[in-house]
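Each remark here refers to the structure printed beneath this line.
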Amino acid sequence: MSVTVNDILLDVSYRRGENGVPSGNEQTRRISFVSQAFRDLMRENKYWFHVTEYATQTEGDEEIYSLPTDYREFLEVRTDGLLRVPQSEDTAFNVTRYPPMHFPFSTNYINNKYFYIFNDELHLLPTPGSAPSAVSVTSITVSGTTATVAATDHGFSNNDYVQIAGASVSECNGSKRITLVDDDSFTYTVATGTSSPTGTITATENNLIIKYFYWADADFTSLTDEVDIPSRYKDALSAYVYGRLGQLDGERGDASDGVEEYNSIIEELNKENFRRNLVRTPLSDSMW
């Protein structure tokens, strides 16, 4: 269930004994408090619900790749399905040969491919040898929200990210996470109402996958803006706004109650986040 600014402010209004969300300057003020609350939440921690994947293609002998604009911190980088080993800038700048003759990382990483982040750019070392090749698509047939692609001996695997290009219907183009049907076909999801495209269509594997924490949008300006938080924890933001209004209006009891509730819910949220992070045990901490 998506959470909107209106959902949060409506809860605040009911707590204050109001009939609904006010309009005008007061509404604008409360929307700004929701933005403050959400920014405060993101400063608390990096949460599991702010994790995503970005898929693109490597280029032959190209070391540097742009990071997504909402990039915050990496979790995993893979090229051609192979996990790359992270290293610091200092280590990267002091290694004169790739792969290095020694392993400055955990000995559990049996790997000769590395990466580091510098100036919001991703560096792959050694550089990829070549770019992935495009596969000719015979046809794309759309039924409901499923697009079925016919491409002889496409070579893709289940859950690969594939870049579709050349389709006459724009919804059918772009980076798609596919479901394998067989060696000659695969499917992906499209929006309701999409029609079957024509054109000279190609499919190319997006073989560079970055899994990362992202910065969620917190610059809310309207009641319909969506807030990127699980609905079961949205009361934390309502409590924050309620407390801020109490503080500014000189209602110390309401201000104290709001802050206390906010901190209590965030404590529970951080516990859940910690529990989920225990599942993501780094390879360097594993037993193999």
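Computed FRET efficiency, Cβ-Cβ of Ala191 and Glu18, R0 41 Å: what is it to the nearest 0.05? That pair, Ala191 with Glu18, gives E of 0.60.
How do Leu83, Leu9 line up, fewest other C-beta atoms within 10 Å first?
With the sparsest Cβ surroundings first, the list reads Leu83, Leu9.
Only the Cβ atoms of Lys and Arg (+1) and of Asp and Glu (-1) were treated as charged; on that basis the dipole of region 171-288 about its Cα centre amounts to roughly 380 debye.
Computed on region 113-191, with alpha-carbon pairs under 8 angstrom and 6+ residues apart, the relative contact order is 24 percent. Between Phe186, Phe74, Phe38, the Gaussian network model of the chain with springs among Cα atoms under 10 angstrom shows the greatest mean-square fluctuation at Phe186. Overall, the chain carries a charge dipole of about 340 debye about its Cα centre when +1 sits on the Cβ of Lys and Arg and -1 on the Cβ of Asp and Glu, all other atoms neutral.
The angle between the Cα long axis of helix 252-277 and the main principal axis of the chain comes to about 20°, on a 0 to 90 degree scale.
For volume of the Cα convex hull per residue in Å³, several values are listed as [x] 144; [y] 180; [z] 134; flag the one computed from this structure. Recomputing volume of the Cα convex hull per residue in Å³ here picks out [y]. When the chain is described by a simple charge dipole with +1 on each Lys and Arg Cβ and -1 on each Asp and Glu Cβ, the residue from Thr221, Gln36, Ser231 located farthest towards its positive end is Ser231. You can think of it this way: the chain between Ala131 and Phe93 has 11.1 nm of extra reach, that is 0.36 nm per residue less the Cα-Cα gap.
Around the Cα centre of region 45-85, unit charges on the Cβ atoms of Lys, Arg, Asp and Glu (plus for the first two, minus for the last two) sum to a dipole of about 320 debye.
Within the shell of other residues whose beta carbon sits under 14 angstrom from the beta carbon of Glu26, the net charge comes to +2, with Lys and Arg scored +1 and Asp and Glu -1. Give me the net charge for the shell around Asn207: Cβ to Cβ below 10 angstrom, other residues only, Lys and Arg +1, Asp and Glu -1. Residues near Asn207 contribute -2 overall. Across Glu205, Glu76, Glu268, mean-square fluctuation computed from a Gaussian network of the chain (C-alpha pairs under 10 Å connected) peaks at Glu268. Sorted fewest first by neighbouring Cβ atoms within 10 angstrom, Asp40, Asp90 come out as Asp90, Asp40. The Cβ shell under 15 Å around Arg232 holds other residues with a net charge of -4, Lys and Arg each +1, Asp and Glu each -1. Rounded to two decimals, the Cα-based Rg/Rh of region 136-203, with Kirkwood Rh, is 0.91. Amide H to amide H, with H built 1.01 Å from N, Val85 comes under 5 Å of Lys113, Tyr114, Phe115, counting only residues 5 or more places away or on other chains.
No lab work stands behind these numbers, since they all come straight from the coordinates. These figures come from a predicted structure and were not determined experimentally. Glycine gets a Cβ as well: all are built from the backbone with ideal geometry, and neighbour counts include every protein chain shown.
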